[in-house]
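Down below is the structure, laid out as structure tokens.
The values are calculated or read from the model by the stated rules, or taken from the named source; none is laboratory data. This structure is a prediction, so every number in the text was calculated from the model and none was measured. Here the Cβ is made from the backbone with ideal geometry for all residues, glycine too, and neighbour counts use every protein chain on show.
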Amino acid sequence: MRAFSRLLLFIIIFIYFPVQTGAQEYAKNGMVVAPEPIASQVGIEILKKDGNAIDAAVAVGFALAVTYPTAGNLGGGGFMVIHLADGTDVSLDFRERAPLNAFKEMYLDEDGSFNSDLSLSGWTASGVPGTVDGLVKLHNRYGKLPFNELIQPAIDLAAKGFNLPFWQAESFNSNRDEFFKNDAAKLIFTKETGEFKIGDLFIQTDLAKTLKLIQQNGREGFYSGRVAELMVLQSQKNGGYFTKEDFENYESVFREPVRGNYRGFEIVSMPPPSSGGICLVQSLNILENFNFSKEEWGSSDYIHHLIEALKYVYADRSKHIGDPDYYNVPTDYLISKEYANEISQKIGEHAVRSSEISPSQILIDESEETTHYSVVDRWGNAVSATVTLNSSYGNKIVVDGAGFLMNNEMDDFSAKPGTPNQFGLIGSEANSIAPGKRMLSSITPVIIKKNDEIFLILGSPGGSKIITSVLQVVLNVIDFKMNLQTAVNLPRIHHQWLPDSLYSEEFGLPEDVKTELIQKGHFIGSETVLGRIQAIMYNNKKNIYVGASDPRGFGKAIGY
Ligand code: GLY
């Protein structure tokens, strides 16, 4: 019976998914894997012009603000891990910051209860955007081609338009009621005459003008002058907190990446204010204490060990990780092998209740709409980039006259530390709100190296599920020796300590595995989509790049 369900699962995965998405892409000179095909093509054209991976990443970042407005952005932020051919690894934090007028209790009602409407909707929900500063700074430091050439494709796509794919038309249509609440959003993302259809030409004139200002003036085209004035005015008019000082003071930051090693591979990922790198390395360190054969993939024993490790990781995340400029994050301790060994010894045959692991810690509920892209060039430079507006289309407010959507990233703060939020979860001091502070993230861009050479570049959207999605693809490749597309396609699970409940994907848990997990003491929760990975692998024996875009999304790997 067990063998039969496993067989059924493999039939579903290997027959259904490849039919849906096609095979992985192979190329010698470079690869771009982005969440939608036009942006991937923009990146490849830059590489073909002899631009490096950094140039391509900048061009893709701006293109996604036009072609993938659900998460690609000018009004949001993100994180990147960069590897240079000379061996340098660095990360770039262009996370949004709390406005200088923000304060700890800003989302509490008079009776002290948390009001999530204020942290999720309207201008009160927006942090100071970081994407433009980040992309400009990245190019200034490591770019090769002139900046104006990198932003030009985005300007053209906005000014001349592009034909909507089916999924994008449907996505606009399904958010119609929300876009109707904001006049500027309504004008762009809804159609007077009904619904968007596949093939409709989608033009964004105001966005093209904003991109042109950035082309002409660099970061100042966004953080001072007309665009900044529009954001400040519209925020102030609608109860928001922005002042012009917020924009003058915003700075993205190059940070030393978090590093770990796992079974001989070097992990390079994002440090705080994202929890991604620490949680990924901590999970791998714990799991290094266990071994699973190829045949055990998907077994209840394997999933049980994953879940138990994740409970400890997410418990620590909740208590110890926040903006390092405001809070002393114990990174070295959390990613040490000794600490991981201690945790691994607590993992037995039966599930430990989450409440027994850490009774007084948090979880922050995070929205799922973020997006990732991976780039590599022929010199061996690589970029792993994740950008976000937080919710899908952020707060769904377009800056009137500037044509771009604003984020609602303030909801990633812990609005009321120590007290249950609307989901019955409690938050921690490490991630409490303060002026200028960056909100905690789960974004996990990662570059994995073997003998100082790039091996794997990947990342994912998915809020708190980003870490577990990335982790399982890494395990699939390193432990189970899967080819990249299979590693990306296979169903994933998710556990985040609280709630004490196992998320899985449709067709992801055969009935016998589910029964065995319940016998081990696990609570089976709901089915949902877990992440959308965009990944590149380097095969050094064949000297070839392999690209894989996740069938859960609409992206594409393009190489040359
Ligand atoms: N807003 C999702 C994250 O940054 O983790």
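Observations
- Residues of the stretch 389-418 that turn out to be modelled with pLDDT under 95 and more than 15 Å from the ligand (Cβ to nearest atom), as a count: 3
- Of the helices (runs of 4 or more DSSP H) that lie entirely inside the stretch 93-182, those containing 1 or more residues that are at pLDDT 95 or above and under 30 Å from Gly199 (Cβ atoms) span 131-142, 147-160, 166-174, 176-179.
- Any hit, the stretch 99-119, residues being surrounded by fewer than 24 Cβ atoms within 10 Å (Cβ to Cβ), closer than 26 Å to Leu456 by Cα and not basic (Lys, Arg): no
- For the residues Gly87, Gly78, Gly72, the requirement of being part of a loop (DSSP other than H, G, I, E, B) and buried (at least 24 other Cβ atoms within 10 Å of the Cβ) singles out Gly72.
- Being at pLDDT below 95 and either within 15 Å of the ligand (Cβ to nearest atom) or under 30 Å from Lys556 (Cβ atoms) (or both) is not true of Thr386.
- Only one of the listed residues (Leu502, Leu484) is aliphatic (A, V, I, L, M) and in contact with a Gly (Cβ under 7 Å, 6 or more places away or on another chain). That residue is Leu502.
- Selection of helices (runs of 4 or more DSSP H) fully inside the stretch 420-527 by the criterion of at least 3 residues being in contact (Cβ under 8 Å) with a residue 12 or more places away in the chain, more than 16 Å from the ligand (Cβ to nearest atom) and closer than 20 Å to Pro551 by Cβ returns 465-478, 484-489.
- Residue list for the stretch 538-557, restricted to those being part of a loop (DSSP other than H, G, I, E, B) and surrounded by fewer than 24 Cβ atoms within 10 Å (Cβ to Cβ): Asn540, Lys541, Lys542, Asn543, Pro551, Arg552, Gly553, Phe554
- Residue check for Asp323: within 16 Å of the ligand (Cβ to nearest atom), modelled with pLDDT under 95 and either among the polar types (S, T, N, Q) or over 30 Å from Tyr26 (Cβ atoms) (or both): no
- In the stretch 338-371, the residue that is farthest from the ligand (Cβ to nearest atom) out of those that are at pLDDT 90 or above and exposed (fewer than 15 other Cβ atoms within 10 Å of the Cβ) is Glu349.
- None of Arg532, Arg552 is free of Cβ contacts under 8 Å to residues at least 24 places away in the same chain and over 22 Å from Phe290 (Cβ atoms) except Arg552.
- Tabulated pairs, the stretch 217-234, first farther than 17 Å from Ile397 by Cα and free of Cβ contacts under 8 Å to residues at least 40 places away in the same chain, second part of a helix (DSSP H, G or I) and of a type in the set (Asp, Glu), C-beta under 7 angstrom, 6+ apart or interchain: Ser224/Glu248
- Residues of the stretch 300-325 that turn out to be part of a loop (DSSP other than H, G, I, E, B) and surrounded by 19 or more Cβ atoms within 10 Å (Cβ to Cβ), as a count: 3
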